[in-house]
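To start, the structure itself, in structure tokens.
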Amino acid sequence: MGKRRATITAVGHYVPEKILSNHDLEKMVDTNDEWIRTRTGISERRILEQGATSDLCVRAIESLLAQRKIEATDIDLIIVATITPDMFFPATACVVQDKIGARNAWGFDLSAACSGFLYALVTGAQFVESGVYSKVIVVGADKMSSIIDYTDRNTCILFGDAAAAVLLEATEEEGFGILDHRLYSDGSGGSGLHMKGGGSLNPASHETIDRRMHYVYQDGKAVYKAAIKGMADVSAEVMERNNLKGNDIAWLVPHQANLRIIDATAERMGLDPSKVMINIDKYGNTTAATIPLCLSEWWQCGKLKRGQNIVLSSFGAGYTWGAVLIKWSLVNSAKP
Ligand code: COA
């Protein structure tokens, strides 16, 4: 028996049905399908027409509980990574806890934008490794359409809505589970990607609304440069710390913000493009949901298998970035 580690024992996701395609956006702002696809890799994204982030979370968690054949009352802790909570307070985790009937769980929200899932995963893993809790749900969820300005072509083409969740439990099998992580933040990058209005600095007023301060603002070029370096550096760092070469990695699970950033990260890691999970074409950037959404889709189609080394890697507002190394422990009976 090895060290007690946290491992993922179930994974689920939910994407809303409504599709917003590049062609739909052509009718809304001055853009075109070709520009969006070549600059970002995105063809369409999903939009939640009714309900809030908690509703996305509930659907993702329900699928996870069914997969693991456990009840909501078995859950000890729920961490919701999001920058689009239902409300400032109460925490979306409390709303979710009530909606799913997880009467024995406590929970909290974690705000780290596109790195939210990795921050929350590492946080949840500490509670499992320490032996304090046995079943922790980590969900990455964002209803980005609630904070996007659909008259701003710089940002409205990029984002979509989704949620995906994992269940963390303990394993003592040598060398399996969440093996290593590196997480970073650099607050000096804050002005590159933020939402100015609505917080204690600029409480909602007629003026903040008139100045369109309740929407995502992004300095695309600055963020792009920082993301290319941040995601590639931290992914390489995790590989080096664990003496891994490109051939040892089965999957890179990158945050899905821009296909060019993903390609640069894979190249730096010496990975064949066939080992990179990519679904940005279908969903765009779903912020905290992108990484578990990839995991869930690849799991469902039987490509994610026991014993594989996978590297999760992200970069987002803050700036926040990081990478996590996992040896996947679940046996997959789905046919690839
Ligand atoms: N359709 C058509 N043209 C557009 C456009 C759109 N949707 N958005 C911007 N343009 C224009 C710009 O106005 C600019 O025109 P100009 O040269 O006349 O000023 C031109 O296209 C180039 O814009 P630029 O911003 O230089 O494009 P880019 O190649 O940097 O791509 C992003 C823009 C947003 C796709 C890219 O910067 C990016 O992905 N940034 C990082 C996003 C990210 O990683 N976020 C991570 C955290 S979530």
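How charged is the neighbourhood of MET87? Take every other residue with its Cβ under 13 Å from the Cβ of MET87, and add Lys/Arg as +1 and Asp/Glu as -1.
-1
Just to verify a number: what accessible area does ARG212 come out at with the full protein assembly present, 1.4 Å probe, Å² rounded to tens?
For ARG212, the solvent-accessible surface is approximately 110 Å².
Around LYS99, with a cut-off of 13 angstrom between Cβ atoms, what is the net charge of the other residues, counting Lys and Arg +1 and Asp and Glu -1? Please report the intermediate quantities before stating the final value.
Values: positive: ARG59, ARG103; negative: ASP55, GLU62, ASP86, ASP98.
Summing Lys and Arg as +1 and Asp and Glu as -1 gives -2.
Of ASN243, ASN285, ASN309, which is the most mobile in a GNM of the chain whose springs link Cα atoms less than 10 angstrom apart?
Greatest mean-square fluctuation among the candidates belongs to ASN243.
Taking only protein heavy atoms and a 1.4 Å probe, what accessible area per residue, in Å², does the chain have with all protein chains in place?
Ligands and nucleic acids excluded, the figure is 43 Å² per residue.
Report the antiparallel proportion of the DSSP beta bridges in the chain as a percent, rounded to a multiple of 5.
Of the beta bridges lying entirely in the chain, close to 70 percent run antiparallel.
So for the chain, averaging the separation of alpha carbon pairs under 8 Å that are six or more residues apart and normalising by length, what relative contact order in percent results?
Dividing the mean separation by the residue count of the chain yields 25 percent.
Considering the chain as a Gaussian network with a 10 Å cut-off on Cα pairs, which listed residue, ASP219, ASP233, ASP263, attains the greatest mean-square fluctuation?
Result: ASP219 has the largest fluctuation of those listed.
Set Lys and Arg Cβ to +1 and Asp and Glu Cβ to -1, take the dipole of region 190-336 about its Cα centre, and tell me which of CYS301, HIS206, HIS194 lies farthest positive.
The residue sitting farthest along the positive end of the dipole is CYS301.
Calculate the dipole size of the chain relative to its Cα centre from +1 charges on Lys and Arg beta carbons and -1 charges on Asp and Glu beta carbons; express the result in debye to the nearest 20.
About 560 debye.
Roughly speaking, to the nearest percent, how much of the chain's 1.4 Å accessible area is carbon and sulfur? Show your work: numbers first, answer last.
Values: 7230 of 14430 Å².
Using a 1.4 Å probe with all protein chains present, the chain comes out at 50 percent carbon and sulfur.
Are any of the pairs LYS221/LYS275; LYS196/LYS327; LYS27/LYS99; LYS135/LYS305 more than 32 Å apart by Cα-Cα distance, and if so, which?
Those over the limit are LYS196/LYS327; LYS27/LYS99.
Given N residues in region 177-327, what is its alpha carbon radius of gyration divided by 2.2 N^0.38 Å?
The reported ratio for this selection is 1.15.
Counting only other residues whose beta carbon sits under 14 Å from that of MET195, what net charge do I get with K and R as +1, D and E as -1?
0
Treating the beta-carbon of each Lys and Arg as +1 and of each Asp and Glu as -1, no other charges, what is the dipole magnitude of region 1-113 about its Cα centre, to the nearest 20 debye?
Charge dipole of region 1-113: 660 debye, to the nearest 20.
Among ARG37, ARG46, ARG211, determine the one that fluctuates most according to a GNM of the chain built with springs between C-alpha atoms less than 10 Å apart.
Ranking ARG37, ARG46, ARG211 by mean-square fluctuation puts ARG211 first.
Which of the listed residues, ALA60, LEU330, LEU312, is farthest toward the dipole's positive end in the chain, when Lys, Arg count +1 and Asp, Glu count -1 at the beta-carbon?
LEU330
The values are calculated or read from the model by the stated rules, or taken from the named source; none is laboratory data. Remember, predicted model here, so these are calculated numbers, not experimental data. Using ideal geometry, Cβ is built from the backbone for each residue, glycine included, and neighbour counts are taken over all protein chains shown. Accessible surface is based on the protein model in full, side chains and every heavy atom, while ligands, DNA and RNA are left aside. Shrake-Rupley method; radii C 1.70, N 1.55, O 1.52, S 1.80 Å.
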